[in-house]
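The values are calculated or read from the model by the stated rules, or taken from the named source; none is laboratory data. All of these numbers come straight from a predicted model, not from anything done at the bench. All Cβ positions, glycine included, derive from the backbone under ideal geometry; neighbour counts span all protein chains shown. Surface accessibility is based on the protein's heavy atoms, side chains included, excluding ligands, DNA and RNA. Shrake-Rupley method; radii C 1.70, N 1.55, O 1.52, S 1.80 Å.
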Amino acid sequence: MPHISTRPPAHSTAEAQLPASRWPRRAARLLRVTAVLTLLDIVLQAALAGLFVTGDVTLLDWHAANAQVLTLLVIVEIIAALLLWRTAKAPAWPFVAALGLLVLVGVQQALGDARMLGGHIPLGMTLFGLGMALACWSFTHRYATEAGR
């Protein structure tokens, strides 16, 4: 009689090599890191804008270039929030908030390019608040896989 194995077949993908419980932890770490970097970059944007306004006109180019860095950080933050939502059954609002952050960054860039400071500056403050909310949540929320640490 042939022997029937009850072991699941081995897969060659990276996902099969890592236990499922590591994905939520990695997503949580990625979200924490990108949320902090995003928040720091938003503060850097404000500092560059402030220095530009005081007369150092070369910093306007730095401010514009750093807006692209901010966009990339927010995209990574979206991916991290999505992974966390889908792998750790975390709430969906951080993912939606990160998507909203990307939209607001795009609006912010358009307002800045149009030199519409009346909307650009208050929206920058809104970006800081939303970034802070995401960063705080990423450090205070406990995921099911972290309870056993």
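Some notes on this structure:
- Members of the stretch 30-46 that are open to solvent by 50 Å² or more (accessible area, probe 1.4 Å) and over 11 Å from the mean Cα position of the chain (by Cα): Leu40, Val43, Leu44, Ala46
- Looking across Ala90, Ala80, one residue alone is touching a helix residue (DSSP H, G or I) at 6+ places or on another chain (Cβ under 6 Å), assigned to a helix (DSSP H, G or I) and open to solvent by less than 30 Å² (accessible area, probe 1.4 Å). It is Ala80.
- Assessment of the stretch 47-58 against the conditions (under 26 Å from Trp137 (Cβ atoms) and surrounded by 20 or more Cβ atoms within 10 Å (Cβ to Cβ)) yields no matching residue.
- Out of Ala65, Ala135, Ala98, sole residue that is in a helix (DSSP H, G or I), out of contact with any Cys (no Cβ under 7 Å at 6 or more places or on another chain), surrounded by fewer than 18 Cβ atoms within 10 Å (Cβ to Cβ) and not aromatic (Phe, Trp, Tyr): Ala65
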